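Right, one structure below, let's go through it.
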Amino acid sequence: MRTGNIGWFALDEKFMRRALELAGKAMGWTSPNPMVGAVIVKEGRIVGEGYHQRAGTPHAEVHALRRAGEQARGATLYVTLEPCSHYGRTPPCTEAVIRAGITRVVAAMTDPNPLVAGRGLAALREAGIQVEVGLLGHEAARLNEVFVKYITTGLPWVVMKAAMTMDGRIATRTGHSRWVTGEESRLHVHRLRHRYDAIMVGIGTVLADNPLLTTRLPEHEGKQPLRVILDSRLRLPVDARVVRDTSDAGTLVATTERHDPGKKAALEERGVEVAVIPGLGPRVDLPALMRLLGQRQITGILLEGGSEVNAAALAAGIVDKTLFFIAPKIVGGAGAPGPVGGKGVSTMEKAQRLKDVTVERFGPDLLVSGYLEKGEP
């Protein structure tokens, strides 16, 4: 990272923040690829910029170079992720950068993809280009936290979302839960659904609420994530909305060997995919399911389960991040459920800890977000 003149450093940061802003425009559309933004600057002025818009389309650097044209010669390229150096769906960006005559590249972070992993930066240096890495690297890693985990482990990034009252209830003692939070919070949840590749719930949620589990946004159509339902005995009704829905959202039911073969056939006849996950216990083996979904290039999952599913996910160690919407309401009642059920821990020393906790506001509600200590990207 540049450590010289403070004025130059401030400009570098300004242009890198613009590159991060551009990258974020593609939120939800690039999976299984990362979000990347690029800005080309010459003599203190932006002459070209772009971002990776969808998987299989030109990368951010290519868009920026096309806009810059001949002005790219002798310019600086700010990019949120190391330019690729391998042939995938598109040619290597390093070759385009070198041909364009860029003389300096500032990258926020090295690409964690083993196919790249520093090779792109090395190719640029070998071509005589000045390369600096690490400016706003933490912000860049957070932006692509889903990609970072997926590309390094083959497993999806899992976000556990819960909506609860001020006294920690997700429903009343009768099970009534519509609605805990306000419209602004629910709209944000639809934006989260657009961001991730899959929504995962337990069969209890489906039986109680008969949800559609689709993305519904006023500003754009939104991506429809895969609907994953944990259903160890295949209790999913064939007339449930997730079965009858004709949108682009597919439905995958994860079950166990205890399932009813006749019910499996009936669901499959209606277009539902049923995955039998072998396991030792009566419930779906969540780590095994994560491996299966990772193989299908499901990079990120929004877990919208009830208290028992949340407890099982935490116990299985698959959760990376938590989102707790807190509504200014008090429900009370010893029988009213909280967001995490199960047996729980016996002492406070054994509680699962969160870090990098942030608080946002959506209308009257608060959103408290945090990362499990093992979830650093």
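Is the shape of region 29-182 rounded, prolate or oblate, going by the alpha carbon gyration tensor and its root eigenvalues a ≥ b ≥ c, with a/c under 1.5 for rounded and a/b larger than b/c for prolate?
prolate
Among LYS14, LYS321, LYS343, determine the one that fluctuates most according to a GNM of the chain built with springs between C-alpha atoms less than 10 Å apart.
It is LYS343.
Take the chain, mark every one of the chymotrypsin sites (Phe, Trp or Tyr not before Pro) that falls in a DSSP loop and has at most 11 other Cβ within 10 Å, then report the longest stretch left between them, sites excluded.
Result, exposed sites excluded: 180-377.
Going by Cα centres, region 112-154 and region 301-315 are how many Å apart?
Cα centres, region 112-154 to region 301-315: 32 Å.
Taking the full set of protein chains and a 1.4 angstrom probe, give the accessible area of MET109 in square angstrom, rounded to the nearest 10.
Using a 1.4 Å probe on the heavy atoms, I get roughly 30 Å².
Could you estimate the translational diffusion coefficient of the chain from the Stokes-Einstein equation, with Rh from the Kirkwood formula over C-alpha pairs, at 37 °C and 0.692 mPa s, in whole µm²/s?
146
Less than 18 Å from a label point 7 Å out along the Cα-to-Cβ axis of ARG191: which backbone N atoms in region 9-34 qualify, by residue?
Under 18 Å, as judged by backbone N against the label point of ARG191, lie 20-30 of region 9-34.
At 1.4 Å probe size, with every protein chain present, just tell me what the per residue accessible area of region 235-377 comes to in Å².
Per residue, region 235-377 has 52 Å² of solvent-accessible surface.
What does the charge count near THR358 come to, summing +1 for each Lys or Arg and -1 for each Asp or Glu among other residues with Cβ under 12 Å from its Cβ?
With Lys, Arg at +1 and Asp, Glu at -1, the net is +2.
Hey, for a label at THR103 modelled as a point 7 Å past Cα toward Cβ, could you say which residues of region 118-152 have their backbone N under 17 Å away?
Counting only backbone N, you get 125-132.
Can you check how the C-alpha radius of gyration of region 185-297 compares to 2.2 N^0.38 Å, as a plain ratio?
1.06
Using just the alpha carbons, could you tell me how many Å³ per residue the convex hull of region 116-267 encloses?
Per-residue hull volume (Cα only) is 196 Å³.
Could you bin all the Cα-Cα distances of region 274-377 into 10 Å bins starting at 0 and give me the percent of pairs in each, rounded to whole numbers?
In order of increasing distance, the bins hold 11, 38, 36, 14, 1 percent.
Between GLU268 and VAL133, what is the spin-label point distance in nm, taking each point 7 Å from the Cα along the Cα→C-beta axis?
Using points 7 Å along Cα→Cβ, the separation is 4.7 nm.
Quick one: net charge of ASP248's neighbours, Cβ under 13 Å, K/R +1, D/E -1?
Result for the local shell: +1.
Round to the nearest 0.05 the FRET efficiency obtained for GLN295 and ARG54 when R0 = 25 Å and r is the Cβ-Cβ distance.
0.70
Using a 1.4 angstrom probe on the protein heavy atoms only, could you order GLU95, GLU132 from most to least accessible area?
I get GLU95, GLU132, largest accessible area first.
Sorted by accessible area with a 1.4 angstrom probe, largest first, how do LEU192, LEU207 fall?
LEU207, LEU192
Would you work out if region 56-113 is rounded, prolate or oblate? Take a ≥ b ≥ c from the square roots of the eigenvalues of the alpha-carbon gyration tensor; rounded if a/c is under 1.5, else prolate when a/b is larger than b/c, oblate otherwise.
Judged from the Cα gyration tensor, region 56-113 comes out oblate (a/c at least 1.5, b/c at or above a/b).
Distance from a point 7 Å along Cα→Cβ of VAL357 to each backbone N in region 149-187: keep the residues under 18 Å and list them by number.
160-169
Roughly to the nearest percent, how much of the accessible area of region 69-169 is carbon and sulfur, given a 1.4 Å probe?
Of all accessible area on region 69-169, carbon and sulfur atoms account for 55 percent.
The values are calculated or read from the model by the stated rules, or taken from the named source; none is laboratory data. This is a predicted model, so every value here is computed, not measured. Every residue, glycine among them, receives a Cβ derived from its backbone with ideal geometry; neighbour counts consider all protein chains shown. Surface areas here come from the heavy atoms of the whole protein model, side chains and all, with no ligands, DNA or RNA. Shrake-Rupley method; radii C 1.70, N 1.55, O 1.52, S 1.80 Å.
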